[in-house]
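Read the figures in this text as sums done on the coordinates, not as results from a lab. None of these values were measured; they are calculated from a predicted model. FYI the Cβ positions are ideal-geometry reconstructions off the backbone, even for glycines, and counts take in every protein chain you see.
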Amino acid sequence: MLKRELKINFKSFLIWTSVLLLLFLVVFLVYPSIIESDNIKMMDEYVKMFPEEMLKAFNMDIASMSTAFGWLKTEGFIMVLLITGVYASILGSNIVLKEESDKTIEYLNALPITRRSVLTQKIICAIIYIVSMILILGLFNFIGLELSEDFDRKQYILLSITPLFSALPLFAINIFVSTFSHKTKKTFGVSLGIALGSYFLQVLAEMNEVTEFFKYFTVYTLADIRNVIVNVSINPLMVILSLVITLVFIIGTFIRYENKELV
């Protein structure tokens, strides 16, 4: 069953991962020429014109874009958080529901396996692909940085782990939401809305003290990039909260799926 799930979801995993790798390959190929030219000076001057709130939202107030690693700490890892979050959300919304939507649920029901076993294999498959995407991207960028410049390796390794703390809860939330529907078309928009809406709230939370309370309503707070950049450490509380949220929604998914009327 797990082998079947890995095979079915491999194509989408390959596409999403390849797009991310291609994006960062372009960065490593182009960025050295930008740094060595006068463009970097113009970029620094241009960045200073941004409002302080915007600089804080993209970590530009605590990291310089004068190096490839500096770009990763600002726009780069924020992009990774967003894309891995969207991928995890979409995966959560359809990995179980597509069996009903595609009418293959009858095939699964004919097999000598329980609903709990089916759901367990699908969750394991999703976690494997989410973790694999983040690890592959982390290794790719690590090699790119090793070949291009000197950088803080410990800080980079910690930063490369942080997307897990938002991607896994997003997956769990969306797989739970999917148990309330029978069609993937209905949940696709919801999954995107949860991922993008959560990211928007995170940007607002970083702006100023007035909007800071939004951080309690977004899972991207759990991927505390600023803390890693400033303190070169991961807040254990964020790890615990990430695991708790993930487990709570996965348990809720099992309860819902066991009692759901499948079509």
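By the count of neighbouring beta-carbon atoms within 10 Å, fewest first, VAL26, VAL248 end up ordered VAL26, VAL248.
Within a Cβ distance under 13 Å of LEU139, other residues only, what is the Lys/Arg minus Asp/Glu net charge? Summing Lys/Arg as +1 and Asp/Glu as -1 gives 0.
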